[in-house]
1. Considering region 109-131 alone, what residues qualify as being assigned to a helix (DSSP H, G or I) and either more than 16 Å from the ligand (Cβ to nearest atom) or farther than 13 Å from residue 47 by Cα (or both)?
2. Within region 177-235, can you find the residues that are among the basic types (Lys, Arg) and within 16 Å of the ligand (Cβ to nearest atom)?
3. Inside region 211-266, can you point out the residues that are assigned to a strand (DSSP E or B), among the hydroxyl-bearing types (Ser, Thr, Tyr) and over 21 Å from the mean Cα position of the chain (by Cα)?
4. When region 338-383 is examined, which residues are found to be basic (Lys, Arg) and closer than 29 Å to residue 305 by Cα?
5. Among residues belonging to region 66-93 that are within 13 Å of the ligand (Cβ to nearest atom) and over 25 Å from residue 156 (Cβ atoms), point out the one that is surrounded by the most Cβ atoms within 10 Å (Cβ to Cβ).
6. Given (1) in a helix (DSSP H, G or I); (2) at pLDDT 95 or above; (3) of a type outside the set (Val, Ile, Thr), identify the lone condition not met by residue 166.
7. Which residues, taken from region 314-337, are in a loop (DSSP other than H, G, I, E, B), farther than 16 Å from residue 230 by Cα and charged (D, E, K, R)?
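The values are calculated or read from the model by the stated rules, or taken from the named source; none is laboratory data. Being a predicted model, the structure only gives us computed values, none of them experimental. Backbone-built Cβ (ideal geometry, glycine too); neighbour counts: all protein chains shown.
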Amino acid sequence: MSDEKRSAWEMAITQLENAAKYLPKDKDWLNAIEYLKHCQRMLSVSLPILMDDGNIRVFDGYRIQHCDVRGPTKGGVRYAPQVDLDEVKALAFWMSMKCAVVNLPYGGAKGGIAVDPSRLSRNELQRLTRRYTYAISDMIGSLKDIPAPDVGTNAQIMAYMMDTYAMIARNTGEPAHGVVTGKPVDVGGSLGREAATGTGLMYVIDAYCQRKGIDLDKQRIAIQGFGNVGSNCALQLAGYHQCKVVAVSDINGGIYSDDGFDVQALEAHVDKTGSVVGFMGSKKRLTNKELLACDCDILIPAAVEKQITADVARLVKARIVAEGANGPTTPEADGILEENGVVVIPDILANAGGVTVSYFEWIQDRDAYFWDLERINKELRRVMVAAFEDVLRVAQERDVTMRTAAYIIAVERLAKAIILRGIFP
Ligand code: GLU
């Protein structure tokens with residue numbers, strides 16, 4: 001089967017099986033791998049919403065908990081038209097792996113609604129979010145399963161989710177702040193959370209370049225996706241470092257400039273017009289596929305799954321691919337990139353900054369004591385660099401890619417927890 005047709009969940013299982021080759025083969029370990037090939041709990045809900053025009057529309061929603069052996073489950077909520085059970089399963093699985101790689105005391109979960117949020121009014125979006133939260137309320141809780149933003153959702157959506165949960169839980173006296181992370185700072189959110197995935201990505205890229213003697217400030221960057229992750233990473237790389245951001249794209253297409261873009265002006269343009277396309281001075285237009293193959297040093301896919309397929313991988317000119325998105329590279333493409341000497345800093349490591357600052361937010365909510373931005377970013381860097389060093393060490397010791405190394409570490413941690421806890425009953 002061509003890799004484009006393969007589902008995200010099939011991709012996730014292939015990644016797990018690749019890592020399993022390097023793990024012990026005794027019965028306990030094989031059982032643990034089998035355990036991880038399933039999601040523990042899956043809820044599928046229909047969400048009838050009264051639209052502003054008086055008609056009812058019914059949306060499909062999901063919440064899936066992959067594995068809670070290492071702690072409460074954690075993961076975002078995605079609002080996008082293509083959301084389905086298979087995609088949410090894969091995303092939940094990747095959250096388990098991600099939390100294990102950076103060693104957070106969480107398991108993985110994910111949720112989503114099949115909807116294009118840009119086509120809903122603010123009120124419709126609020127009603128949909130509240131109905132969804134109500135429908136999944138038995139599953140979530142600050143010590144059970146903690147949602148957060150993902151593609152198509154943001155801090156405002158998290159505020160609606162927290163408020164809805166608080167209304168439902170008010171008789172139990174259960175505190176509601178810790179039920180979601182990625183909230184606005186005014187209602188228990190953390191400083192630095194919004195930029196955290198992009199910031200963490202920059203820390204990992206920086207750590208890699210330092211290890212390999214590459215001057216990060218001289219690198220030319222191409223970014224697919226200019227949402228929360230892509231735009232924040234671009235701002236950091238062009239601001240904190242002096243990288244040239246030569247190409248960016250979004251759902252409408254991409255733009256390229258040999259001289260690099262003024263990222264702050266680009267950000268302002270996107271705020272105003274909703275797209276990178278048409279940004280002044282951008283003479284050269286690109287398709288999303290062309291962006292992935294453009295002339296650059298570091299390629300950052302920061303959109304959605306399955307963008308770098310086998311066909312695309314053959315065309316990649318970058319020497320480093322740093323995955324801001326979840327699952328952007330197929331297993332077939334991984335093989336081709338490796339053959340061509342392209343280094344992949346894998347998603348479960350590279351984009352773990354978001355969930356790491358979510359963890360800090362959850363701790364701050366529990367303590368009702370809030371940290372300053374300096375502390376957040378210092379601790380974020382510490383977590384990201386430590387995880388990166390672990391991954392690089394295993395990659396070198398076992399002579400495998402950083403993806404396989406990251407999976408070896410994650411699966412090892414998860415399998416140990418499964419074996420120690422044993423199987424109920
Ligand atoms: N949605 C983000 C991710 O894919 C963040 C999840 C979280 O903060 O729980 O990692």
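1. If the condition is that a residue be assigned to a helix (DSSP H, G or I) and either more than 16 Å from the ligand (Cβ to nearest atom) or farther than 13 Å from residue 47 by Cα (or both), then 117, 118, 119, 122, 123, 124, 125, 126, 127, 128, 130, 131 are the ones that fit.
2. Matches in region 177-235: 183, 193.
3. Of everything in region 211-266, just one residue is assigned to a strand (DSSP E or B), among the hydroxyl-bearing types (Ser, Thr, Tyr) and over 21 Å from the mean Cα position of the chain (by Cα), namely 256.
4. Listed by number, the residues that qualify are 381, 382.
5. Among residues in region 66-93 that are within 13 Å of the ligand (Cβ to nearest atom) and over 25 Å from residue 156 (Cβ atoms), the one surrounded by the most Cβ atoms within 10 Å (Cβ to Cβ) is 93.
6. (2)
7. Taking region 314-337 as the starting set, the residues that turn out to be in a loop (DSSP other than H, G, I, E, B) are 314-319, 323-328, 330.
Now drop any that are not farther than 16 Å from residue 230 by Cα, which leaves 314-319, 330.
The answer is 314, 317, 319.
So that you can scan it fast, the table gives a plain yes or no per residue for (1) aliphatic (A, V, I, L, M); (2) free of Cβ contacts under 8 Å to residues at least 12 places away in the same chain; (3) in contact with a Phe, Trp or Tyr (Cβ under 6 Å, 6 or more places away or on another chain):
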{"residue": "241", "(1), (2), (3)": "no, no, no"}
{"residue": "249", "(1), (2), (3)": "no, no, no"}
{"residue": "254", "(1), (2), (3)": "no, no, no"}
{"residue": "258", "(1), (2), (3)": "no, no, no"}
{"residue": "263", "(1), (2), (3)": "yes, no, no"}
{"residue": "269", "(1), (2), (3)": "no, yes, yes"}
